[in-house]
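K.L.:
Quick one: structure below, then a few questions.
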Number of protein chains: 2
Amino acid sequence: MLNPSKVMESISVKLNQNLIPDQIQRLEQQIEFMIEIDKLKQISRKTILTDRSREENSAEHSWHIAMAVFLFSEYAQDQGIDWYRVIKMLLVHDLVEIDAGDTYCYDRQGRQYQARREEKAAKRIFEILPPDQSRSFRALWDEFENRETPESRYANALDRFQPFLQNYVTEGQVWRENNITRRQVMERMQTVFDGAPLLWNLVKLFIDDAVQEKYLAG
Amino acid sequence: MLNPSKVMESISVKLNQNLIPDQIQRLEQQIEFMIEIDKLKQISRKTILTDRSREENSAEHSWHIAMAVFLFSEYAQDQGIDWYRVIKMLLVHDLVEIDAGDTYCYDRQGRQYQARREEKAAKRIFEILPPDQSRSFRALWDEFENRETPESRYANALDRFQPFLQNYVTEGQVWRENNITRRQVMERMQTVFDGAPLLWNLVKLFIDDAVQEKYLAG
């Protein structure tokens, strides 16, 4: 296993010989962050790939929904939003799972302590960054979690829509394994209604079909 | 294995009953695209994860460099660029690998036919989209490939920097396996100099160290 702080120590010594001092710490912290977040590629989610070969990981999920920002932009509730900030929010929003793991959205027990675990993770991970970036990444994460701005409502809609679509397309394999009901999914998908009402039409249709096909318990 | 066109056929029938006709085809195409690109999560690259457990895939790579856009933005050669377009370019740039596969950057034979394979892939994949989006996604891909705008130069710099960093941090495991030389890496990293000259300082330093540590052939 790699020890990022050991790598950074050796980088630091070499940087000291070549850069002006006040750039050094800043760059070190950014490189350490870049290495640290590689771990997100190892965090498994409950959602499976459309070919059903394996679970997807959080980095893949974040990539997919970031792409969805401009693929589905016309369906966002508010059309005058800062799309760049939406994407940044989506790329950053799952980083806390490096420490806190992915919590299955229908796992009541797991979700009880999720906020506390993620808060602790956010503190550790964002503090790797230089102070100004630490604040701006943390602000993106908070904005996403609080769902109070139009940008965060659209971001949250996509964060729910992508795994929903993959569940539907894989004939509800994960829903069936976990005895998920129509009611649970309807409740969770309200977020799509808030941020992207036209996509919500599609979601309703898929939910009806999923119940009929027995992908979901009625 | 999932058959996306069969899924879309069934979706189509259901949509027809619920949406106005001119929205239907457009939404169908967008959903089909969203499902199609899931395949990028199965395209392996030569770069390994920092914990050396496996190769990374192209979706993970795209996520990592999209994040790098705002992590390293202060090092971009041109500070007045459209950062949102840089991110879109990076999220889209590897989609052609769904058909064309990842070509190792030091594989001369493979690279000979790479352009033709990728051109064919771009045609098929972007044409899944509604015409206006098909054009805009294709334009992003072309812009990235041509490296003529400041946005694309910064995007290309990050596309080279991230795997370079992972190679360095894993003690050049993949470089060593493929007998890669200092000269090859220096040549490939010129792109970092063009798009993010301050990061290039770091790259040079790491290359010197990589040679000294025998991660790279001198």
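The values are calculated or read from the model by the stated rules, or taken from the named source; none is laboratory data. What you see is a predicted model; the values in this text were computed from it and never measured. Here the Cβ positions follow ideal geometry from the backbone for every residue, glycine too, while neighbour counts run over all protein chains shown.
K.L.:
Can you pull out the residues in region B:38-71 that are part of a strand (DSSP E or B), free of Cβ contacts under 8 Å to residues at least 24 places away in the same chain and touching a helix residue (DSSP H, G or I) at 6+ places or on another chain (Cβ under 6 Å)?
P.N.:
If the condition is that a residue be part of a strand (DSSP E or B), free of Cβ contacts under 8 Å to residues at least 24 places away in the same chain and touching a helix residue (DSSP H, G or I) at 6+ places or on another chain (Cβ under 6 Å), then B:ASN57 is the only one that fits.
K.L.:
Among the residues that make up region A:100-110, is at least one of them at pLDDT 95 or above and out of contact with any Lys or Arg (no Cβ under 7 Å at 6 or more places or on another chain)?
P.N.:
Within region A:100-110 (the criterion being at pLDDT 95 or above and out of contact with any Lys or Arg (no Cβ under 7 Å at 6 or more places or on another chain)), the answer is no, since none of the residues qualifies.
K.L.:
Moving on. Is it the case that some residue within region A:129-140 is assigned to a helix (DSSP H, G or I), over 23 Å from B:HIS64 (Cα atoms) and in contact (Cβ under 8 Å) with a residue 60 or more places away in the chain?
P.N.:
no
K.L.:
In the set B:THR103, B:THR191, which member is free of Cβ contacts under 8 Å to residues at least 60 places away in the same chain and not in a helix (DSSP H, G or I)?
P.N.:
Residue meeting the stated conditions: B:THR103.
K.L.:
Would you check if there is a residue in region B:110-131 being more than 13 Å from every other protein chain (Cβ to nearest Cβ) and closer than 24 Å to B:GLY172 by Cα?
P.N.:
There is at least one residue in region B:110-131 that is more than 13 Å from every other protein chain (Cβ to nearest Cβ) and closer than 24 Å to B:GLY172 by Cα.
K.L.:
Residues in region A:141-159 that are basic (Lys, Arg) and in a helix (DSSP H, G or I): how many?
P.N.:
1
K.L.:
Further, regarding this structure: Hey, can you tell me all the residues within region A:72-84 that are facing another protein chain (nearest Cβ under 9 Å) and assigned to a helix (DSSP H, G or I)?
P.N.:
Hits for region A:72-84 are A:GLU74, A:TYR75, A:TRP83, A:TYR84.
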